[in-house]
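Worksheet for the structure shown next.
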Amino acid sequence: MSRNAQAGGETSRAPSAPSLFRIIQPRLLIIVIVVVICAALAAIYSKAQSATYTSSARIFLSTDSGTLANSVDATRFVQTQAQFAQSSAAVAVIAKALKLPESDVSGRLSTSPSDEGYFFVMKGKGSSQQAATDLVKAGEAAYSTLLTSYGPNSEESVNALKKLRDQLVGEQAAAGQGADATGAADSTVRNAQITTLNQKIADARTASVLGSSAIKLAEPPVADGQGGPNLLRNILVAAIVGLLGSIAAIWIMYQRRPTILDPHNPSDTLGVPLIAALEPGRTTASAAETLVSAMSAVMSPTSKVVAFTPASRGDLSADLVASVAAAWSDDQGVVLILDTSPSSEVRASLESLPRATSGELPRWAHEPTCLARSSGTGRGHILYNRVSPARAARPGGLAPILADRAPVVDLVILVTSALAELPMTAASAIQADAVVVITSTETHLKELEQVPRDWPALAERVVGVVHDGRTGIRRTTGNATPERRSSVDTITSNSPVGGGESASNGKRGGMDPEATDRYARPAR
């Protein structure tokens, strides 16, 4: 059954866009681990931080016409005074008074203008309540000192007024008593100026002694109590950041290399039907029966060779291949497995089956390079041949084998390399009559997208997709474990496993030490 014959009913389905929940659902454990780590780090950081104490005081500013005479905006005036109280000059005065580094003072002292009135708030922090209170007191004193030093009543302003007054007095003495009216008027003006300057000098000296006229009231510092890291808040914030960060990272990683979230994703990508979806929890025997029925439905009656092609290395379980061969041979007779994958454990799964006892097997079934086993019920037989991947990848490399052995068996299962190893996979898979692609939840969709785009000859032979969603289906390649060989007992028929037969095999009790079983041509 060709891909074109099914295109009308299957290719109309557009690949569905994955939801965020479907993407993060298989990776919830990673998200939980990240959230726990972030929360733990936040807790450790909060515990490591030492507690601090704070004090604050409000400084009310005078709003009379004299103070605001040069200020266009009273709000800006309050802001300017707040910044003035925290200036580098103020920090230097405070540091000198408290004998502390200026960097320490600037880090612990802060001012903030109020939006509710003509005052600003001065705050100080310290390792103790007394240290915080002393810092605010020193800040208030430094602000008052700076106002008298740099304001209208500063010593420099008084000296400037004195200099101007002395200059006028000298001019008055040099002019003497003028005889004309103009000289008398100038003398009167100078006397008035001298009188005004004397009054300003007296007022400035008085204001300098009594304090700055810009400060209406400076409150005593009020203890605000102990302040420090909020453990619960920090843990909550860190957990939220870890949750959102891990979700974003998983989303970005999935967009870069998406995996299968829906069993229909690979069939939509390849444009072929989903012939079987093996759900989690299914036994291998049940999965094999489902797959055999699905293959019978999609394969043409004349198809003799079917290729099992995993999308990625590890998607095709050796147990599934052995169980499908056993189930098919029970119904049909003899099944030949040609294994062309670079590394496979199919032979290890078959070696635990009973030896073949039928005398009706082909003569080449008794050759050392061919493994012959009973399916378990005595009604069917499984033959296994290992073929070099390099030979299978050559154009027509499998043709002599298939011409010699396919006519005398009921089905040939060709185990190929993964689609991720194209073009080697295409060269061997297109020599089969039908190709069944095996996928899992860890299959990358980009490895499937290139098949219909770059390998149309291979895509034409794909008759369906089998999605194996069983947990733990991906396995590392290497020597077979006893658990995997014993699992064949559950995937075959009711006959007991031929453990004694397997042991009588001598050196073949485990994996064949040779990487490849050379195909032996039959004697002519």
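The values are calculated or read from the model by the stated rules, or taken from the named source; none is laboratory data. Because the structure is a prediction, the values reported are computed rather than measured. Here the Cβ is made from the backbone with ideal geometry for all residues, glycine too, and neighbour counts use every protein chain on show. We work out accessible area using only protein heavy atoms, side chains counted, and drop any ligands, DNA or RNA first. Shrake-Rupley method; radii C 1.70, N 1.55, O 1.52, S 1.80 Å.
Using a simple spin-label model with pseudo-atoms 7 Å out from Cα toward Cβ, I240 and S87 lie 4.1 nm apart. Rolling a 1.4 angstrom probe over the protein heavy atoms with all chains in place gives segment 289-387 an accessible area of 31 Å² per residue. By accessible area, using a 1.4 Å probe on protein heavy atoms only, segment 74-158 has 50% of its surface on carbon and sulfur.
Stretching the chain fully between S128 and I37 yields a gain of 29.5 nm (0.36 nm per residue, less the alpha carbon separation).
Using the Cβ-Cβ distance between R76 and Q450 with R0 = 51 Å, the FRET efficiency computed as 1/(1 + (r/R0)^6) comes to roughly 0.15. When peptides 390-399, 96-105 are sorted by average Cβ neighbour count within 10 Å, with the highest value leading, the order is 390-399, 96-105. Inter-label distance, R363 to S286: 4.7 nm, where each label sits 7 Å from its Cα along the C-beta direction.
Heavy-atom surface analysis with a 1.4 Å probe gives segment 316-449 a carbon and sulfur content of 52 percent of its accessible area. Peptides 134-147, 256-269, 231-244 ordered by packing proxy, namely the average of other Cβ atoms within 10 Å per residue, highest first: 134-147, 256-269, 231-244.
Across the accessible surface of segment 236-284, with the other protein chains kept in place and a 1.4 Å probe, carbon and sulfur atoms take up 67 percent. Remark: segment 72-205 carries 58 Å² of accessible area per residue (probe radius 1.4 Å; ligands, DNA and RNA excluded). Dividing the mean sequence gap of close Cα pairs (under 8 Å, 6+ apart) by how many residues segment 183-334 holds gives a relative contact order of 15 percent. The slack in the chain from N191 to E460, taken as 0.36 nm per residue of separation less the alpha-carbon distance, amounts to 85.2 nm.
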